[in-house]
Amino acid sequence: MRYDVIVVGGGPAGAVAARDCARAGLETIILEKEYHPRPKTCAGGITAAAISLLDTAIPPEIVEARCSSFRGFYGDRVVESDQEQDFMVLVSREIFDLWLVSLAQSAGAELKQGECVTAVTAGEREVTVSTTKGDYTGLMVIGADGVNSMVAKIVRKPFNKKDLAFCVCADVLRGEEEGSWRESIEIYYGQLPMGYGWIFPKKGCLSVGMGAWLSNVSGIKEALSNFLRERGMSGEQRLKGGFIPLGGMARPAVSDRVILAGDAAGYADPFTGEGIRYAIASGRLAAATAASLIARGVPLTRLNLGVYERNCYQQFGSDLKASLFIARMFQHFPKALFGMYFSCREPFEQSLQILQGKTGYRQFYRWLLWHIPGMLRRCI
């Protein structure tokens, strides 16, 4: 069978793109190398901003915790912030991704699992995707196959060290203290340069982890082990690790008959590591681009698909660029900026507004510039 759109990868970007393509009447197939539900290295935090992009409510039964309280730590400094609304819900990525794929299937997308893509060949009239089980042809491909994307090889060079962050995490069983964690997350800064540790609540366990830019991750497993031990979580833990692309850098995301979305395109927040929000946003924009061009019979060239890159930049790319600039400021002046950050609650209140989708990094950067003198006076 010849498809209109072949989606490679069944994570949030791919599942949402496939759902929207199928809704638009396009013959759509998802090629997933694993079998759902499959394990995924992720803390499982879905921000309110990400949820707002879904246009479908997350079923209550797959939500493991709702968070409206934040506690930040830097050395012996602590800042707490309570929000009127949830800024994040916690899920198991295995179940969340399965749910998203089921939505795509309900919309009419076909799913093939256990098929690892081995090659992508774009021709003048069609594109061929070869897997370990066969070949598929279509008008175009949406590459949503993660940070180590096979599809991306025909679009751009592989990510290098400066393009990536790395995180390790573990689920720690918990007991009677569960109630105190139900609505709160904790973030520990200064554990590693350009990184942080986290503790997120889930049903019956705590998601505990640590992440940093790849150039600063030397000793991260030992640091996480010490972090767990200092908090009385010294039992045997199964650590999982994964790479995160740093968004905000100029990279191509399209070529002839190919669009990259999510981590494959490098769309993740370089300051917080959040990727699901941008996976959903780019997946939906990829589908909208495919549906529009195919319906109008527009050639699926690099030039015409460039509208996708422009729309991504307009919707969130310029914000990721501002986030990267802020992150680099913290890289060069960590003590001064964290000292200002922890001088009052206002910077955290503003940051939580970003997670809720009420403001963005460009506005936050301007807010920081305006308020830095006052925060400096508090630090002295």
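Odds and ends about this structure:
- Against the chain, whose longest principal axis comes from its Cα atoms, helix 276-296 is set at around 20 degrees.
- Cα-based shape type of region 320-376, given that a ≥ b ≥ c are square roots of the gyration tensor eigenvalues and the cut on a/c is 1.5: oblate
- With a threshold of 28 Å on the Cα-Cα distance, the over-threshold entries among Lys112/Lys321; Lys157/Lys240; Lys40/Lys153; Lys33/Lys321 are Lys112/Lys321; Lys33/Lys321.
- Ordering Phe243, Val172, Gly197 by Cα displacement along the dipole of region 162-245 toward the positive end leaves Phe243 in first place; charges were set at the Cβ atoms of Lys, Arg (+1) and Asp, Glu (-1).
- Only the Cβ atoms of Lys and Arg (+1) and of Asp and Glu (-1) were treated as charged; on that basis the dipole of the chain about its Cα centre amounts to roughly 1100 debye.
- Net length gained if the chain between Leu303 and Glu183 were fully extended (0.36 nm per residue, minus Cα distance): 38.5 nm
- Contact order normalised by residue count of the chain, Cα under 8 Å, 6+ apart, percent: 20
- Computed helical MRE - 222 nm, the chain, DSSP H runs ≥ 4 contributing -39500 (n - 2.57), nearest 500: -10500 deg cm²/dmol
- Extension gain, Lys153-Gln105: 0.36 nm per intervening residue step, less the Cα-Cα distance, totals 14.5 nm.
- Proximal charge balance of Ser215 [Cβ under 14 Å; K/R count +1, D/E count -1]: +2
- Interchain or long-range residues, amide H under 5 Å from Leu111's placed H: Ile30
- Sorted fewest first by neighbouring Cβ atoms within 10 angstrom, Cys21, Cys167 come out as Cys167, Cys21.
- Phi-derived couplings, Karplus 6.51 cos²θ - 1.76 cosθ + 1.60 at θ = phi - 60°, listed residue by residue for region 12-21: x, 4, x, 5, 5, 4, 5, 4, 5, 5 Hz, with x used for Gly and Pro.
- Taking all Cα pairs closer than 8 Å and separated by 6 or more residues, the relative contact order of region 34-110 comes to 40 percent.
- Mean separation of Cα pairs under 8 Å and 6 or more residues apart, divided by the residue count, gives region 327-379 a relative contact order of 41 percent.
- Under the simplified labelling scheme, the Val78-Ser215 pair shows an inter-label distance of 3.5 nm, with each label point 7 Å from Cα along Cα→Cβ.
- Given their separation in residues at 0.36 nm each and the Cα-Cα distance between them, Arg38 and Leu173 gain 46.6 nm when the chain is fully extended.
The numbers here are math on the coordinates, done by the rules we state, and not lab data. In this text the structure is predicted, and so the values were computed from the model without any measurement. Reconstructed Cβ throughout: ideal geometry from the backbone, glycine too, with neighbour counts over all protein chains shown.
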